[in-house]
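What follows is a short report on a single structure.
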Amino acid sequence: MNQITPQPGILDITLYQGGAAHVAGLDNVVKLSSNENPLGPSEAAVEAYRRAAFSLHRYPSSDHAGLRGAIAGIYDLDADRIICGAGSDEIIAFLCQAYAGPGREVIHTEHGFGMYKISALAAGATPVEVKERERVTDVDAILAACTDKTALVFMANPNNPTGTMIGAAEVARLADGLPPQAILVLDGAYAEYVEGYDGGAALVDSRQNVVMTRTFSKIYGLGGLRIGWGYAPQEIIDVLNRVRGPFNLSQAALDAAEAAVRDTAYVAHCRTENARWRGWLADALAEMGIPSDVSCANFVLARLSSRDEAEACDAYLKTQGLIVRLVAGYNLPNCLRITVGDESSCRRVVHAVRQFKEGPGDVTNI
């Protein structure tokens, strides 16, 4: 009899589903399902990646000093308290591996990023889902869910897939209200899309129980290289570095990320373009009776009248070569998450949604 079994929690994991990238039978589709930067990475990052090709026979840096120093310089942080990983996903996994486990609980909100629950289960911990208030993080609900078993509280700000965020005072109230053994993890994957927002870095500097995670996959346009980072109190960084593999990032990825973070002018350009077309997209959908919350990220969460309408709209968009994201898995069955693309993509998706809503014969071009 086979007695080979995985650790508790592993078989409870529902596999993460990324945004679709292909439609059968169609070429030249527009992918608006994964919140990628339609402008791509900066030329500086691309050139750094090219140069790295000449040293592929060498092992990468194991301390990531160059990238950590660049991040610290741009964001005015302590480089010694920065850790780099294969996307912020890996930092999330490190935190669960190091601080969660059997008998411990990991809190996430009902519309929070799917990897929080997956990483908790992978570590053998118990995920605890907390309600939001009209698709906005509810600090009181999180605090009410805390127990003496709470190890980690994950909160994305801005949140994915809702695009909403809460203010600094509320985040600080949450950090200060947690039980003494718990760590607040602020996921700042979309922080760069908010002008003047530090992603929670100041809170990390002023508290011992706060960790910030960030990524190069969104505004920096480097999703294909899988690079993320975290900022935390020194004691937590020391723990996380004990579970991090010494060569978890390639040198090409490190070099491209360093060049990207230094190209601040390009980041500002991407933020401006995103804000411009995000507002246009939300307004155009609202004119068709499709509301969305004010988004602070690079996507719009369009709320259709029902799950059936959302699924039908998604299916119609696919026939037009447009891929968006159904988010029923995030407890939002009547919604479509639409990445903010370039001007052409935004106009094209609005035109197609209008065709769906009004019928192909009643549409004027936009």
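The values are calculated or read from the model by the stated rules, or taken from the named source; none is laboratory data. Keep in mind the model is a prediction, meaning the values are calculated, not measured. All Cβ positions, even for glycine, are placed from backbone atoms using ideal geometry, and neighbour counts span all protein chains on display.
Tabulated results
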{"read-out": "Every pair of residues 6+ apart whose Cβ atoms lie under 9 Å, when the first sits in the stretch 315-338 and is on the phi > 0 side of the Ramachandran plot while the second is at pLDDT below 95 and hydrophobic (A, V, I, L, M, F, W, C)", "value": "GLY321/VAL23; GLY321/LEU26; GLY321/VAL29; GLY321/VAL30"}
{"read-out": "Residue count for the stretch 205-224, restricted to those that are in contact (Cβ under 8 Å) with a residue 60 or more places away in the chain and among the aliphatic types (A, V, I, L, M)", "value": "3"}
{"read-out": "Matching helices (runs of 4 or more DSSP H) fully within the stretch 181-295 where at least 1 residues are in the same structural domain as GLY167 (by TED's automatic domain parsing), polar (S, T, N, Q) and surrounded by 22 or more Cβ atoms within 10 Å (Cβ to Cβ)", "value": "none"}
{"read-out": "Test set (1) of a type in the set (Asp, Glu); (2) in contact with a strand residue (DSSP E or B) (Cβ under 9 Å, 6 or more places away or on another chain); (3) more than 29 Å from ARG271 (Cβ to Cβ) - GLU36 fails condition number", "value": "(3)"}
{"read-out": "Verdict on MET155 being crowded, with 22+ Cβ neighbours inside 10 Å and over 23 Å from ILE237 (Cα atoms)", "value": "no"}
{"read-out": "Leading residue by the ranking (surrounded by the most Cβ atoms within 10 Å (Cβ to Cβ)) among those in the stretch 122-145 that are part of a loop (DSSP other than H, G, I, E, B) and touching a Gly at 6+ places or on another chain (Cβ under 8 Å)", "value": "ALA125"}
{"read-out": "Where a residue in the stretch 162-183 is farther than 28 Å from ALA328 by Cβ and its partner, wherever it lies, is surrounded by fewer than 14 Cβ atoms within 10 Å (Cβ to Cβ), with Cβ under 7 Å and at least six apart", "value": "PRO179/ASP148"}
{"read-out": "Test: residue in the stretch 145-153 that is touching a residue at least 40 places away in the same chain (Cβ under 8 Å), in contact with a helix residue (DSSP H, G or I) (Cβ under 8 Å, 6 or more places away or on another chain) and of a type outside the set (Val, Ile, Thr)", "value": "yes"}
{"read-out": "Flag for ALA86 being in contact with a Leu (Cβ under 8 Å, 6 or more places away or on another chain), closer than 20 Å to LEU15 by Cβ and either modelled with pLDDT of 95 or more or buried (at least 23 other Cβ atoms within 10 Å of the Cβ) (or both)", "value": "yes"}
{"read-out": "Scan of the stretch 270-283 for residues that are touching a residue at least 24 places away in the same chain (Cβ under 8 Å) and over 20 Å from the mean Cα position of the chain (by Cα), ordered by number", "value": "TRP280, LEU281"}
{"read-out": "Selection from the stretch 172-229 of residues that are of a type in the set (Ser, Thr, Tyr) and more than 13 Å from the chain's Cα centre (by Cα)", "value": "TYR197, SER206"}
{"read-out": "Odd one out for CYS84, checked against (1) in contact (Cβ under 8 Å) with a residue 12 or more places away in the chain; (2) assigned to a loop (DSSP other than H, G, I, E, B)", "value": "(2)"}
{"read-out": "Among (1) closer than 25 Å to ASN28 by Cα; (2) surrounded by fewer than 16 Cβ atoms within 10 Å (Cβ to Cβ) - the single one ALA310 does not satisfy", "value": "(2)"}
{"read-out": "Test result for ILE74, in contact (Cβ under 8 Å) with a residue 12 or more places away in the chain and surrounded by 18 or more Cβ atoms within 10 Å (Cβ to Cβ)", "value": "no"}
{"read-out": "Set ARG68, ARG58, ARG50, ARG81: member being surrounded by 13 or more Cβ atoms within 10 Å (Cβ to Cβ), in the same structural domain as LEU143 (by TED's automatic domain parsing) and out of contact with any Cys (no Cβ under 9 Å at 6 or more places or on another chain)", "value": "ARG81"}
{"read-out": "Candidate set from the stretch 1-31 (those that are within 25 Å of VAL340 (Cα to Cα) and modelled with pLDDT of 75 or more); member that is surrounded by the fewest Cβ atoms within 10 Å (Cβ to Cβ)", "value": "ASN28"}
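Conditions (1) free of Cβ contacts under 8 Å to residues at least 40 places away in the same chain; (2) under 13 Å from ALA252 (Cα atoms); (3) in contact with a helix residue (DSSP H, G or I) (Cβ under 7 Å, 6 or more places away or on another chain), marked per residue:
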residue: TYR16; (1), (2), (3): no, no, yes
residue: PRO41; (1), (2), (3): no, no, yes
residue: PRO60; (1), (2), (3): no, yes, yes
residue: ALA79; (1), (2), (3): yes, no, yes
residue: ASP89; (1), (2), (3): no, no, yes
